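The values are calculated or read from the model by the stated rules, or taken from the named source; none is laboratory data. If you're wondering where the values come from, they're calculated on a predicted model, not measured in any experiment. Virtual Cβ from ideal backbone geometry, glycine too; neighbours counted across all protein chains shown.
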Amino acid sequence: MEHEAGLKVVDALDLESEVCGLLRPGANVVGKRGDSHRLPRYFYEVPSREAAADVRLTPHFGLNEFLLVDLKEAGRLRAFPRYVPCAVRVLAFYLERLRDALGAPIHLAVNGGYRSPAHKLAVGATPHMWGTAADIYKIGNVLVRDQATIETYNRVVEDVSDDLWVMPFGHEIGATDDHIHLDLGYLTLVPREIAEDPSERRRESPRYAFEERRRGDRRGWPDAGDLADLVRERGPEDHE
Ligand SMILES: [Zn+2]
């Protein structure tokens, strides 16, 4: 299968002009307070729906969860191959930590993961355009819809890491009353597969991420879930 080799890492400046024009790699966008930020430049190329479903960013978060969009996203960016900023794997890492803290599955909303600068909800410089923001509408079986629920979970998010920012409860712009928004700010990631020297930009052979884990799979290493069980069994604490 095409995605067996891992996900191709791309410099969006090298992509076809339509995609490049929609992703606007390296372009400045201005936030609500007049602060300007540079859009991400390095993306994972997701060749197919199957690849999106197969790639796990963490034990409990698949890549496809960050790609849920509706017609508010530009048509070309809803068609495969699709593109997602490389920093999404850092977001998934933090969401996995949050999931541990909550002890329950986290459900991302449609349009609640990566949104391109061309997305109709991508106003100002929202970190959703960096792939570093998540909108959560359900935790376990609890719909996040009222002040008490949102404020309680927001405190849990803040306790997980100072790197995470949560949107306060409220009905005005810049607040939320029907989901939890958390983000890592304008974090960009230059993957190890990329050379940043412009003279090296165009490579004969593409670079692929997520290969190391696959090498591990080939050697018969236990998968991440089994490893977690192993650690739990050997750990000093009893977990229910
Ligand atoms: Zn959001």
task = Restricting attention to the range 15-69, report how many residues are basic (K, R) and surrounded by 14 or more Cβ atoms within 10 Å (Cβ to Cβ).
result = 4
Members of the range 156-183 found to be out of contact with any Pro (no Cβ under 6 Å at 6 or more places or on another chain), within 11 Å of the ligand (Cβ to nearest atom) and part of a strand (DSSP E or B), listed by number = W165, V166, T176, I180, H181, L182
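I'm checking my understanding of the structure. Among residues of the range 21-43 that are part of a loop (DSSP other than H, G, I, E, B) and touching a residue at least 24 places away in the same chain (Cβ under 8 Å), which one is nearest to R207 (Cα to Cα)?
R41
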query = Do you know which of the residues in the range 98-122 that are of a type in the set (A, V, I, L, M, F, W, C) and outside any helix (DSSP H, G or I) is nearest to G26 (Cα to Cα)?
reply = A118
request  = Could you please let me know if L108 is within 16 Å of the ligand (Cβ to nearest atom) and out of contact with any Pro (no Cβ under 7 Å at 6 or more places or on another chain)?
outcome  = yes
message = Against the definition (among the polar types (S, T, N, Q) and closer than 26 Å to H107 by Cβ), how does S17 come out, yes or no?
response = no
query = Of these, A133, A109, which one is small (G, A, S), closer than 20 Å to I173 by Cβ and in contact (Cβ under 8 Å) with a residue 60 or more places away in the chain?
reply = A109
query = In the range 89-105, how many residues are within 14 Å of the ligand (Cβ to nearest atom) and in contact with a Leu (Cβ under 7 Å, 6 or more places away or on another chain)?
reply = 1
request  = Identify all residues within the range 124-141 that are away from the ligand (no atom under 11 Å from the Cβ) and surrounded by 13 or more Cβ atoms within 10 Å (Cβ to Cβ); write none if there are none.
outcome  = G124, A125, W130, G131, K138, I139
query = Would you pick out the residues in the range 71-97 that are part of a helix (DSSP H, G or I) and either buried (at least 22 other Cβ atoms within 10 Å of the Cβ) or touching a residue at least 12 places away in the same chain (Cβ under 8 Å) (or both)?
reply = R76, L77, V88, R89, V90, L91, A92, F93, Y94, L95, E96, R97
message = Being modelled with pLDDT of 95 or more, aromatic (F, W, Y), within 11 Å of the ligand (Cβ to nearest atom) and not in a helix (DSSP H, G or I) is the requirement here; does Y186 meet it?
response = no
